[in-house]
Amino acid sequence: MRVLITGATGLIGSHVVARCKENNIQVHYLTTSKAKIKNSNDYKGFYWNTDTAAIDKACFEGVDAIIHLAGASVSKRWTSAYKKEILDSRIKSTHLLIQSLIGEEHTIKQIVSASAIGIYPDSLVHYYDENFTDFNADSFLPLVVNKWEAAVDDFKELGISVSKIRIGLVLAEDGGALPTLVKPIKYGIGAAFGSGKQWQSWIHIHDLSKMFLTVLEDELTGVFNGVAPNPVTNNDLVTMAAKVLNKPLVLPNIPKFVMHVLLGEMHTILFESQRVSSKKIQEEGFQFKYHRLKPALENLLLPQ
């Protein structure tokens, strides 16, 4: 099997690439930097630029599926210009892939696209699964994810089956939210945000990368939540991280207005609550290695 991966050098992409190599899956990847193009028997790079709609169409040759992970990070201050970049990076990249395939002969049967649980409304009481459709497109992140998923659905017009993984809070030692979360805890100044009651639907990077390969190899279609089976509150997450690191938590929770001053509109991602179900992917036979938070944090934070 050969796959084309966008966002291959990012946190999730690098782990997915490693899994592909373990499973003898050849990888083509797209990059905006010609200097980053590397070629070997099982890992080949190709140039693209979504702003100019440039793409090396040789990237599609012999490809069975696309794993689409490209998108600007949401963990930066949301200026008007950067909000446009967050949206454009997802929509333009998707449109460029589709437009490049229209009228072309290709062997692609499936696209597995990243998405996000930010599409679900902020709630302390609801337990969301993939059947939920009453999205609030007035907020920025749900708006982005709605448009992102709608753009990916256009692959169906090319006879390509569509799979989407709505990713939760990714726990990894080499990137994502965890290193930032635990840094103040290591210095004894860690604290939860707001009430601390907001739900955090998390997933270990090991299980998330495995999920992308499972959806790919088993040809699963539709939407799947990329979260572990046991969500926790923000209080529980911070408390467990401190316990694993053997550090005290002595500070009060950080008020919302403080983070608003520091981060602007982006502060909402720290305070919104999404309790999300993993039942659908489990019913397909997927088995998590890290069901619960403590073993996941011990694996990532303690010497192995």
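Derivation of every value follows stated rules applied to the coordinates shown; laboratory data play no part. Note that the structure is predicted; figures quoted are calculated from it, not measured. Cβ coordinates were reconstructed from backbone atoms using ideal geometry, including for glycine residues, and neighbour counts include every protein chain displayed.
Computed over neighbours whose Cβ is under 15 Å from that of Ala65, the net charge equals 0, Lys and Arg +1, Asp and Glu -1. Here, region 1-95 is characterised by an Rg to Rh ratio of 0.99, where Rg is the alpha-carbon radius of gyration and Rh the Kirkwood radius. Rank Gly194, Gly175, Gly159 by mean-square fluctuation in a GNM of the chain with C-alpha springs under 10 angstrom and give only the top-ranked residue. Top of the fluctuation ranking is Gly159.
Which residue fluctuates most in the GNM of the chain (Cα springs below 10 Å): Ala65, Ala35, Ala151? Of Ala65, Ala35, Ala151, the Gaussian network model singles out Ala35 as fluctuating most. Over all Cα atoms in region 146-304, the spread is summed up by Rg and Dmax: 17.4, 57 Å. Cross-link reach is defined here as a Cα-Cα straight distance under 27 Å, omitting same-chain residues fewer than 8 places apart; for Lys247 the lysines meeting it are Lys183, Lys186, Lys197, Lys256, Lys289, Lys294. Assuming charge only on the beta carbon of Lys and Arg (+1) and of Asp and Glu (-1), the dipole of the chain about its Cα centre is about 1120 debye to the nearest 20.
When the Cα positions of Phe193, Thr32, Cys59 are compared along the charge dipole of the chain, Phe193 comes out farthest toward the positive end, with charges on each C-beta of Lys, Arg, Asp and Glu.
A Cβ-based charge dipole, computed about the Cα centre of region 1-101 with Lys and Arg at +1 and Asp and Glu at -1, lands at about 340 debye.
Dipole orientation for region 183-304: of the candidates Leu262, Leu220, Gln274, Leu262 has the Cα lying most toward the positive pole (charges on Cβ; Lys, Arg +1; Asp, Glu -1).
Ordering Val152, Val74, Val3 by the projection of their Cα atoms onto the charge dipole of the chain, which places +1 on the Cβ of Lys and Arg and -1 on the Cβ of Asp and Glu, puts Val74 at the extreme positive end. In terms of its C-alpha gyration tensor, region 160-211 comes out oblate, because a/c is 1.5 or above while a/b does not outweigh b/c.
Using a Gaussian network model of the chain in which every pair of alpha carbons under 10 angstrom is joined by a spring, one finds that among His267, His204, His126 the greatest mean-square fluctuation is at His126.
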